[in-house]
Amino acid sequence: MEKQLSKLVSKLGKSGWLNKMPSEKEILGKLRDAIVNLDIEGVKKASEEAISSGIPAYKAVIEGMAKGMEIVGQKYENGEYFLAELIMAGETMKEGMTVLEPHLKTGDIKSAGKVVIGTVKGDLHDIGKNVVVTLLKAANFDIVDLGVDVSAEQFVEAVKKNSPDIVAMSALLTTTMIEMEGIIKALQKAGLRKKVKIIIGGAPITPEYAKKIGADAAAKDAVEGVRICTEWMKNK
Ligand code: B1M
């Protein structure tokens, strides 16, 4: 059996068939480029290719599509892309997510903990937050997703109502990240701060900023966010 298998692999190698198979790097590049080119069909195809090639769905999201989003952002800054392209890029990424999201799920094992999450007031960016939600669900967390444009009062109410273990906040704008400090202060004022761990994330967020405003951690991407939340629950 082993001999037959190695014969087959050698035959395929000689025929050049194996060399024609795109590598992980190439597929992730296709995903990135499809986002940059606002190519909905291309992103769906590359997402399917990623899954059939055994690339983990989270990698396709973070090292493929999200890299494309970074380039879209740069093009917007350079004046090469405008708001219409930002909107299209968001829609393109959502299409990719419809293919990849089912592969991020693991089934319903015992909950790892409860997280209240939202994008802060004034901020409508939800793609990154939704990736975090999907990965947290895949890691068996119970999620209370407050959506976008969430005020300090709404965070406080949600913590009172749901008694979560963790509060997670997302902000993509330098003008809205400052809302996070107000939310932490509001939780303090309501006597809830010590009952929850607080994690923040989003493009402008740094660990230094988290420390400055009294959050417990900052996550550079969704994978790191889930890793930190899982660690916290282990040590609880
Ligand atoms: Co906007 N936008 N946008 N935008 N947009 C940025 C953020 C920007 C950096 C583009 C640029 O100029 N380079 C810029 C902000 C500049 C700044 O503040 N310094 C910007 C701007 C200016 C604006 C508007 C003001 C434009 C205008 O109207 N003139 C406007 C603001 C609207 C508002 O919110 N009030 C606006 C609007 C929009 C759209 C609606 C068109 C669209 C969003 C669609 C949507 O979300 N439904 C959009 C988009 C698509 C972008 C870019 C291009 C991509 C964002 C994205 O989805 N990235 C963005 C450029 C960029 O980020 N480089 C840009 C992919 C996503 C997977 O990554 O969201 O970073 P990200 O999430 C990551 C991590 O950050 C982390 O994990 C995620 C996954 O790994 N993370 C967490 C995020 N939250 C977390 C929470 C956690 C843990 C990790 O807790 C546990």
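Odds and ends about this structure:
- Taking Cβ atoms as reference points and 14 Å as the exclusive limit, the residues near Thr176 contribute a net charge of -3, counting Lys and Arg as +1 and Asp and Glu as -1.
- With contacts taken as Cα pairs under 8 Å at a separation of at least 6 residues, the range 113-234 carries a relative contact order of 27 percent.
- Computed from Cα atoms, the angle from the helix 179-189 axis to the main principal axis of the chain rounds to 50 degrees.
- The range 164-236 pair-distance distribution - Cα-Cα, 5 Å bins, rounded %: 3, 17, 30, 25, 18, 7, 1
- Euclidean distance between Cα centres, the range 166-187 to the range 204-230, Å: 12 Å
- Sequence-distant residues sharing a close amide H with Ala112 (under 5 Å, placed H): Phe141, Asp142
- Cut-off under 5 Å, modelled amide H: who pairs with Ala218 long-range: Ile200
- What the phi angles of the range 204-214 give under the Karplus curve with 6.51, -1.76 and 1.60, with θ = phi - 60°, is a coupling list of x, 7, 10, x, 5, 5, 4, 5, 4, 9, x Hz, glycine and proline written as x.
- Taking 18 Å as the limit for the C-alpha separation, the pairs Lys59/Lys211; Lys197/Lys236; Lys94/Lys121; Lys121/Lys195; Lys75/Lys220 exceed it in the case of Lys59/Lys211; Lys94/Lys121; Lys121/Lys195; Lys75/Lys220.
- For Lys197, residues with placed amide H under 5 Å, excluding near neighbours: Ile166, Val167
- Taking Tyr209, Tyr81, Tyr58 in turn, the Gaussian network model of the chain (Cα-Cα springs below 10 Å) assigns the largest fluctuation to Tyr81.
- For the range 113-234, the spread of Cα positions along the three principal axes, ordered from largest to smallest, is 30, 29, 25 Å.
- In sequence order, the range 72-88 has phi-based couplings of 4, x, 5, 5, 5, 4, 6, x, 7, 10, 10, 4, 4, 6, 4, 5, 4 Hz under the Karplus curve 6.51 cos²θ - 1.76 cosθ + 1.60, θ = phi - 60°, and Gly or Pro positions carry x.
- Compared with the dominant Cα axis of the chain, that is its longest principal axis, helix 222-234 is turned about 60°.
- Dimensions in Å of the chain - Rg and Dmax from alpha carbons: 20.5, 71
- Adding -39500 (n - 2.57) for every DSSP H run of four residues or longer, then dividing by how many residues the chain holds, sets the calculated 222 nm ellipticity at -16500 deg cm²/dmol.
- Positive minus negative residues near Gln188 (Lys, Arg vs Asp, Glu; Cβ under 12 Å): +4
Each reported figure results from applying straightforward, stated rules to the coordinates on display, with no laboratory input. None of the values given here were measured: they were computed from a predicted structure. Glycine also receives a Cβ, built like all others from the backbone with ideal geometry; neighbour counts cover every protein chain displayed.
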